[in-house]
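Here the structure is laid out as structure tokens; the discussion comes afterwards.
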Amino acid sequence: MVKHVVVGIEKGFSKHANAGELLRLLKDAGVTSLETYVLWRDVEVNEGKYVFDLFDSDLELMEKYGIRWVPFIVIGPWYSTPDWFRNSDKSVTSVCLEHGLPSGNQSIWNPNLKDIITSFLNAFNNHYSSKMSNIESILVGISGDYGEAIQTVIGNWPGEYHGHRGYWAGDPYAVADFRRSMLYKYDSINRLNEAWGTRYSTLDEVKPFTPLSAPSRRAALDFWLWYKDSMSKWADWWLKTASSIIKGIDIYLVTGGVDEPEHASLFSEQVKIASKHGVGVRITNEASSFIHNFLITRTVSAASRIYGTYYSTEPAAVVTERGIVGRLFNAISGGAHAFHEYLGNLINFTLESVSPKPAYMRLTSNRSLIGYDYKPVVKVAVAYSQLARVLDGWWFSESNILSLDYVRSIVDFDLVDEYLINDALSNYRFLIIQFPLRTSEHTLIKILDWVRSGGVAIVSSIPMDIDGDSSMFKDALGITEEVTGISRVIFKTNLVNLTGVYSVGRSFRLINDPSITVHVLLDYKPNDVKAVVWSRRYGNGYLIGYSGSTSPAPGSWMNESDIYFTLIKNVIYNTELLGPGIESLSKPYDPIPINGLYPTILNDGTLLIYNSTDLEKEINISGTPLKVQPNSIIKIPRVKLNFNNY
């Protein structure tokens, strides 16, 4: 549930004469705490001397108004590093592989940081030990430009230091660690050469490289796994240290971005590490588009529920009046523990005045949704591949995002990568494989074992192993030969046809081609739109194959992708038509793709619906029409619903 609403504000705000009026307004909106940055340079101005006066006066005023504090402790980035350390021989900044130039941010491989961090956390804990009841949670910023658990991206205060999207593993400690890790993995230079197709004479010749400049696909993968593991190990050490020093309070690892390979982050793994230490993750990456926010936070949300920990969300940009409602729904429907927002998005706060913005009014009108004890019930997962991002440069295109927007308006779903598939696919009843899934043989076997156990997979992109071999899934789907074009596909026998599972409307007619054992769907010419759909019983579950467009065509009155989205809706909500032993999800109302309404079922049976449009919408709930106002969230109690399969 969204238990806390946190507003980020500049430190030292209490010196303003109208600060009290500001806190009163925030309290009225349901705000529970204020976040300020506790930068290393502001506290340890001189080595070994810690001064917290800058924050004490702010905390005193917060106490007076019943608002608690969320300190964001940042150690490592350029803007948090004090001059005495930056100019010392203990400073080791990260170096990019593209240009061989240093950034201003400390390297996560710098061995001198651990003592610094431990001393700082002890000093913080000692100073505020009697004030912990007034601290709601603590955020830890461990790397990157601003404190997120990622590598340097674009730089902070552009021009102050070298920064860009890229790979930051060129400092001496990183190079040495890479060599040690590769020697540990392969045991000898000869075995490494055999795996990578290289001819290194000694280990000293082995240096980090970008995936694009790697000597082979296997080498590229080894590099990225090491790069990612290094950030994960750094986060692990930070969280272990912080949770052992500061006890009895929520701690969040701050991460950000969109899980890009260059960032060295893996959201699912970072959440799992946080769970190990009994702490959570704060993800900073949202803006004002609901579907974009949903897609870039849902892996963190899913992992938090899977691994039994908590998470919170924060924007990385300006948020509009419309955007804050979508952000709030995204947090609530994802099961976030806290909701962070910037003061500047809510209130104009100057020396002369304090005035609410439209987004403030939207937050205030939805405060009844805060503190409600629930979690979302999500039985559908959409798979994506981190390894495809690393090896093939794949990521969601705008067409992909629009397609997933259609799917999200049909049903709530989680975005799961290989790591969540390996750990927790059993949490789901349906898996949609729509995007390139290049992954390990282990993960492919996990998916097929899950189908054998009763899962239903809708497959429109055939998964493959690291080397591009898709034979395992082609065999499972019954494909023996493919001919260019989707109008001619040859399959093995004993396939179960999907007759009746989809109802594509009168614009389509079903043609049974005697030369193949599947149904071919064909619309009226001249469009000549074709799509092939087939199913195969696989153990106790089903594999549903789809060959055709998955890209919506806005403005078009009908195209083959309509078959795909209708297929998803009817497979999920009418699964029993496939055959015995498979239960459908209960359908609270008839969802229409891309109509601007997004449903979420909560674990107490409550239905939440978000209307993202400027128009009033009407739905039918158990025979009763219900209006949903523009840009609003409604909550429908269980008593009005007829659910039996959530």
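Table: residues versus (1) hydrophobic (A, V, I, L, M, F, W, C); (2) modelled with pLDDT of 95 or more.
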position	(1), (2)
R282	no, yes
I291	yes, yes
Y307	no, yes
S312	no, yes
E321	no, no
A336	yes, yes
F339	yes, yes
L346	yes, yes
Pull up the stretch 426-462, narrow it to residues that are among the aromatic types (F, W, Y) and either within 17 Å of the chain's Cα centre (by Cα) or assigned to a helix (DSSP H, G or I) (or both), then point me to the one that is nearest to R217 (Cα to Cα).
F435
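Yes or no, residue by residue, for (1) open to solvent by less than 60 Å² (accessible area, probe 1.4 Å); (2) at pLDDT below 95; (3) outside any loop (DSSP other than H, G, I, E, B):
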| residue | (1), (2), (3) |
| --- | --- |
| G605 | yes, yes, no |
| L608 | yes, yes, yes |
| I619 | yes, yes, yes |
| L626 | yes, yes, yes |
| P630 | yes, no, no |
| K635 | no, yes, yes |
| V639 | no, yes, yes |
| N642 | no, yes, no |
| Y646 | no, yes, no |
Residue match in the stretch 107-130 (condition: closer than 30 Å to V6 by Cβ, modelled with pLDDT under 95, open to solvent by 10 Å² or more (accessible area, probe 1.4 Å) and basic (K, R))
no
Qualifying residues in the stretch 349-361 (those that are without any contact (Cβ under 8 Å) to a residue 60 or more places away in the chain and outside any loop (DSSP other than H, G, I, E, B)) - the one most open to solvent (accessible area, probe 1.4 Å):
M361
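If you check I347 against the conditions, is it of a type in the set (V, I, T) and farther than 17 Å from T313 by Cα?
Values: of a type in the set (V, I, T): yes; farther than 17 Å from T313 by Cα: yes.
Taking the combined requirement at face value, the residue satisfies it.
Of S275, S312, which residue is in contact with a helix residue (DSSP H, G or I) (Cβ under 9 Å, 6 or more places away or on another chain) and either part of a helix (DSSP H, G or I) or farther than 22 Å from L602 by Cα (or both)?
Working: S312 fails: either part of a helix (DSSP H, G or I) or farther than 22 Å from L602 by Cα (or both).
Every option except S275 fails the conditions.
Residues to consider are G144, G166; find the one that is crowded, with 22+ Cβ neighbours inside 10 Å, in contact (Cβ under 8 Å) with a residue 60 or more places away in the chain and not acidic (D, E).
Numbers: G166 fails: crowded, with 22+ Cβ neighbours inside 10 Å.
Step by step, each of G144, G166 is checked, and only G144 is crowded, with 22+ Cβ neighbours inside 10 Å, in contact (Cβ under 8 Å) with a residue 60 or more places away in the chain and not acidic (D, E).
Which one of these is under 23 Å from G141 (Cβ atoms), of a type in the set (D, E, K, R) and touching a strand residue (DSSP E or B) at 6+ places or on another chain (Cβ under 6 Å): E286, E269? So that I can check it myself, show each step before the final result.
Numbers: E269 fails: touching a strand residue (DSSP E or B) at 6+ places or on another chain (Cβ under 6 Å).
Sole residue among the options that is under 23 Å from G141 (Cβ atoms), of a type in the set (D, E, K, R) and touching a strand residue (DSSP E or B) at 6+ places or on another chain (Cβ under 6 Å): E286.
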When the stretch 548-562 is checked residue by residue, the ones that are surrounded by 18 or more Cβ atoms within 10 Å (Cβ to Cβ) and either at pLDDT 80 or above or within 28 Å of the chain's Cα centre (by Cα) (or both) are G548, S549, T550, P552, S561, D562
Determine whether the stretch 123-135 contains at least one residue that is under 30 Å from G170 (Cβ atoms) and touching a strand residue (DSSP E or B) at 6+ places or on another chain (Cβ under 9 Å).
no
The listed residue being under 21 Å from E286 (Cβ atoms), part of a loop (DSSP other than H, G, I, E, B), in contact (Cβ under 8 Å) with a residue 12 or more places away in the chain and over 17 Å from the mean Cα position of the chain (by Cα), out of V378, V319, V325
V319
Check I154 against each of (1) of a type in the set (A, V, I, L, M, F, W, C); (2) surrounded by 13 or more Cβ atoms within 10 Å (Cβ to Cβ); (3) without any contact (Cβ under 8 Å) to a residue 40 or more places away in the chain and name the one condition it does not meet.
(2)
Tell me, yes or no, whether the stretch 370-382 has at least one residue that is among the small types (G, A, S), closer than 30 Å to E21 by Cβ and at pLDDT 95 or above.
no
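For the stretch 4-20, give me each residue that is of a type in the set (G, A, S), surrounded by fewer than 18 Cβ atoms within 10 Å (Cβ to Cβ) and not in a loop (DSSP other than H, G, I, E, B). Spell out the reasoning first.
Pass one, the stretch 4-20, residues of a type in the set (G, A, S): 8, 12, 14, 17, 19-20.
Of the ones still in play, those that are also surrounded by fewer than 18 Cβ atoms within 10 Å (Cβ to Cβ) are 12, 17, 20.
Once the filter is applied, which keeps residues that are of a type in the set (G, A, S), surrounded by fewer than 18 Cβ atoms within 10 Å (Cβ to Cβ) and not in a loop (DSSP other than H, G, I, E, B), the stretch 4-20 yields only G20.
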Which one of the conditions (1) within 17 Å of the chain's Cα centre (by Cα); (2) open to solvent by less than 40 Å² (accessible area, probe 1.4 Å); (3) not basic (K, R) does D423 fail to meet, given that it meets all the rest?
(2)
Are any of the residues in the stretch 230-246 crowded, with 22+ Cβ neighbours inside 10 Å, under 25 Å from I421 (Cβ atoms) and among the polar types (S, T, N, Q)?
no
A457: passes all of (1) buried (at least 21 other Cβ atoms within 10 Å of the Cβ); (2) in contact with a Gly (Cβ under 7 Å, 6 or more places away or on another chain) but (2)
Give just the number: which of (1) at pLDDT below 95; (2) surrounded by fewer than 20 Cβ atoms within 10 Å (Cβ to Cβ); (3) of a type in the set (G, A, S) does S409 not satisfy?
(2)
Among residues of the stretch 328-348, those that are under 21 Å from L139 (Cα atoms) and assigned to a strand (DSSP E or B), counted:
5
Inside the stretch 365-398, can you point out the residues that are closer than 30 Å to V7 by Cβ, buried (at least 16 other Cβ atoms within 10 Å of the Cβ) and not hydrophobic (A, V, I, L, M, F, W, C)?
N366, Y374, P376
With respect to S103, is the statement that it is without any contact (Cβ under 8 Å) to a residue 60 or more places away in the chain, surrounded by 16 or more Cβ atoms within 10 Å (Cβ to Cβ), within 30 Å of P211 (Cα to Cα) and in contact with a strand residue (DSSP E or B) (Cβ under 9 Å, 6 or more places away or on another chain) true?
no
Single condition V175 does not satisfy, out of (1) open to solvent by 30 Å² or more (accessible area, probe 1.4 Å); (2) out of contact with any Ser or Thr (no Cβ under 7 Å at 6 or more places or on another chain)
(1)
Does T255 meet the test of being within 18 Å of T152 (Cα to Cα), under 16 Å from the mean Cα position of the chain (by Cα) and surrounded by 24 or more Cβ atoms within 10 Å (Cβ to Cβ)?
yes
All but one of (1) under 22 Å from I609 (Cα atoms); (2) at pLDDT 95 or above; (3) not aliphatic (A, V, I, L, M) hold for P356; which doesn't?
(1)
Condition first: out of contact with any Cys (no Cβ under 8 Å at 6 or more places or on another chain), free of Cβ contacts under 8 Å to residues at least 60 places away in the same chain and under 21 Å from R41 (Cβ atoms). Can you find one or more residues in the stretch 121-128 that meet it?
yes
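The values are calculated or read from the model by the stated rules, or taken from the named source; none is laboratory data. The structure displayed is predicted, hence computed values, not measured ones. FYI the Cβ positions are ideal-geometry reconstructions off the backbone, even for glycines, and counts take in every protein chain you see. For accessibility, only protein heavy atoms count, side chains too; no ligands or nucleic acids. Shrake-Rupley method; radii C 1.70, N 1.55, O 1.52, S 1.80 Å.
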